[in-house]
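This is the structure, below, for whatever I ask next.
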């Protein structure tokens, strides 16, 4: 699979409902736009004749992204979850395609692998096989029993979940904000708790958090286009493999042997990775990838 380009240029503000991303991120092009809380500009909420959830009111009133991140992470942790994935998908000719995903609260290593290895093609919650507007509790062991994951690609997805330490989660979806063929997917992921302790109170808290985030992102937020190259590009599966082997202290020659590639191919990928992260040498590359949570810190075998 080739590298998926998600660089955004220019200064124009675009609607976080992503209706204006069609030219770059049309379903047929398979482009995935990743954005951060720091990229968001939250429009003020004018006086309304009804009362909103206190969490939503608090998030909308916060001018700084760091404050919103602190509050959301606190709520996530209080519910017993480690990560949250929020993104929009579009339906085209009976298939669903990823459009835009908030990376701030996600497990970044898994997020890169999820799209670069096309796990969304077999994920039952992404494809709608198990989707519901109510929170759907699951464990990795239960996912393994789903018909869409009983194959080689499904096993690869389950393996990446396990490598990320994820053991359970809550997943559901809601209608998109702008187009009839669009919906938003929300998943809360945990490496600590099983399905037996995701009770009704946890589900209620997760549903409240997800609805508040959906309202904020779909109706109150603008994503600012970047004027500098983005480091949030989706890396190819081969580049992820090379980064993992680099973190283990392998030489270029050893990486080539393990992956069955020529030295010229490894040199090409190394140059592309250095350019991607804006670094000059392999140590800086490993540190940059580790800081972005794409590969573990360097360790020597």
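What follows draws every value from the coordinates through simple rules; no lab data is involved. On a predicted model such as this, the values are computed, not experimentally measured, just so you know. Here the Cβ is made from the backbone with ideal geometry for all residues, glycine too, and neighbour counts use every protein chain on show.
Can you put 199, 67 in order of Cβ neighbours within 10 angstrom, beginning with the fewest? Show your work: numbers first, answer last.
On the way: 199 10, 67 14.
Exposure proxy ranking, most exposed first: 199, 67.
Using the basic label-point model (7 angstrom from Cα toward the beta carbon), what is the residue 43 to residue 64 distance in nanometres?
2.6 nm
Evaluate E = 1/(1 + (r/R0)^6) for residue 153 and residue 271, where r is the Cβ-Cβ distance and R0 equals 41 Å; express this FRET efficiency to the nearest 0.05. Please report the intermediate quantities before stating the final value.
On the way: r = 30 Å, r/R0 = 0.73.
The value I calculate is 0.85.
Modelling each spin label as a point 7 Å along the Cα-to-Cβ direction, I'd like the residue 257/residue 282 distance in nm, to one decimal.
1.3 nm
Shifting gears a bit: As a footprinting exposure proxy, order 191, 212 by other Cβ within 10 Å, with the fewest listed first.
Numbers: 191 15, 212 21.
So the residues, fewest neighbours to most, are 191, 212.
I've got another one for you. If you rank 83, 138 by fewest surrounding Cβ atoms within 10 Å, what's the result? Let's see the in-between values first.
Numbers: 83 22, 138 18.
With the fewest neighbours first, 83, 138 line up as 138, 83.
Right, next: Sticking with the crude label model, points 7 Å out along Cα→Cβ, report the distance from residue 219 to residue 162 in nm, one decimal please.
4.3 nm
Still on this structure, I have one more. Given a Förster distance of 45 angstrom, what is the FRET efficiency for residue 248 paired with residue 52, based on the Cβ-Cβ distance and rounded to 0.05? Kindly include the intermediate steps, with their values, before the conclusion.
Details: r = 49 Å, r/R0 = 1.10.
Efficiency computed from Cβ-Cβ geometry: 0.35.
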